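I have placed the structure first, in the form of structure tokens, so that the comments after it can refer back to it.
The values are calculated or read from the model by the stated rules, or taken from the named source; none is laboratory data. Predicted model, so just to flag it, every value in this text is computed and none were measured. Cβ: placed from backbone, ideal geometry, glycine included. Neighbour counts: every protein chain shown. When the accessible area is computed, the model is the full protein with side chains, heavy atoms only, and any ligands, DNA or RNA have been set aside. Shrake-Rupley method; radii C 1.70, N 1.55, O 1.52, S 1.80 Å.
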Amino acid sequence: MNRIKYIVLFLFVVGALPAARVETVNVYSDAMKRAVKVVTIVPEVALRGKACPVVYLLHGHGGNEQSWPTSKPGLARLADELEFIFVSPDGKNSWYWDAPADPSSRYETFISQELVSYMDTHYPTLDSSEGRAITGFSMGGHGALWNAIRHSDVFGAAGSLSGGVDIRPFPDNWNMKHALGELKANPEVWDNHTVINLIGTLKNNELAIIVDCGYDDFFYEVNQAFHQALRKAGIDHDYLVRPGGHNWDYWRNATDYQLLFFKKFFDKNRNHH
């Protein structure tokens, strides 16, 4: 009798484990002439051939392709539940631009062209902007909005978690001057490489946007300013603020709201077709 109990318990535990496949792949970048490490989390339904929407997850400064999978445990379970493919590339400390001062750092081209093309070629994706979302934390929040606003034909939805949505108050931080040059010497370059200054290029409802930041975050003020600038420009967006700082305790919780937002976006587009 006990043996049967153990078998039943074993089957129950195995049944509760996510069936999504987590793997690290090397994606070659023609633009940078090297391979970039990328973690992909593919739900069981996609492994069986069902086309699924893709959510690109960008890490912060000092992170790598493992930052998301290790710091937000349960992504494999969420991939199965939501039927999303998650993609987490190593963006180094790039800020996800094509860096004017460093020709070897072309992460905008990599994220918005090469990586998307690789995913659509190698996985059963919904290969249109209506099946793609991008988000990230801190530097990755800036990178997600930078890439999505500049490539709204590629990404249909974008999020930012405690993103550096205006870089100019922080001229000496996080390696930005390696990419852009010194702020004092290159103010125009800095103006042209900050997300808040892209708002004028957006049309309303061109991109589904969700922005999230904690009250105790050093990026709180720039996120407030970004929210106000979006409102002034008549760009609809979700803006969430709640207690918390610039850390994974905040982002783990905030990610769940962003994924719900993306699910609604994907579902709405599916129902329209």
Surrounding net charge for Asn26, when Lys and Arg each add one and Asp and Glu each subtract one, Cβ distance under 13 Å: -2
Debye equation applied to the C-alpha atoms of the range 138-187, log10 I(q)/I(0) at 0.20, 0.28 Å⁻¹: -0.72, -1.01
Loop-exposed trypsin sites (Lys or Arg not before Pro) per DSSP, neighbour cap 13 Cβ within 10 angstrom, longest uninterrupted part of the chain: 51-183
³J(HN,Hα) computed for each position of the range 41-51 - Karplus, 6.51 cos²θ - 1.76 cosθ + 1.60, integer Hz, glycine/proline x: 10, 10, x, 4, 5, 6, 4, 8, x, 6, 5
Potential extension, Asp153-Ala51 segment - 0.36 nm per residue separation minus Cα distance: 34.8 nm
Against the rule of thumb 2.2 N^0.38 Å, how large the Cα Rg of the chain comes out: 1.03
Under Karplus coefficients 6.51, -1.76 and 1.60, residue-wise ³J(HN,Hα) of the range 121-129 in Hz, glycine/proline x: 7, 9, 9, x, 9, 8, 8, 8, 4
Calculated Rg and Dmax of the range 121-273 using C-alpha coordinates, Å: 15.6, 51
Accessible area of His59 in the full protein assembly, 1.4 Å probe (Å², nearest 10): 0
Cross-link pairs beyond the 20 Å C-alpha cut-off, checked among Lys50/Lys268; Lys37/Lys264; Lys72/Lys268; Lys72/Lys177; Lys184/Lys232: Lys37/Lys264; Lys72/Lys268; Lys72/Lys177; Lys184/Lys232
For the range 190-251, alpha-carbon Rg relative to the globular expectation (2.2 N^0.38 Å, N residues): 1.17
Calculated Rg and Dmax of the range 91-138 using C-alpha coordinates, Å: 12.3, 37
Cα Rg, Dmax (largest Cα-Cα span) when computed across the range 39-157, Å: 13.6, 44
Rg over Rh, two decimals, the range 152-223 (C-alpha only, Kirkwood Rh): 1.00
Nearest-20 debye value, the chain charge dipole, Cβ charges on Lys, Arg, Asp, Glu: 720
Ellipsoid equivalent to the range 36-83 - semi-axes via the Cα gyration tensor, in Å: 22, 11, 8
Heavy atoms of Tyr28: accessible area, 1.4 Å probe, square angstrom to 10: 120
Where labels lie 7 Å past Cα in the beta-carbon direction, separation of Asp216 and Asp120 in nm: 4.3
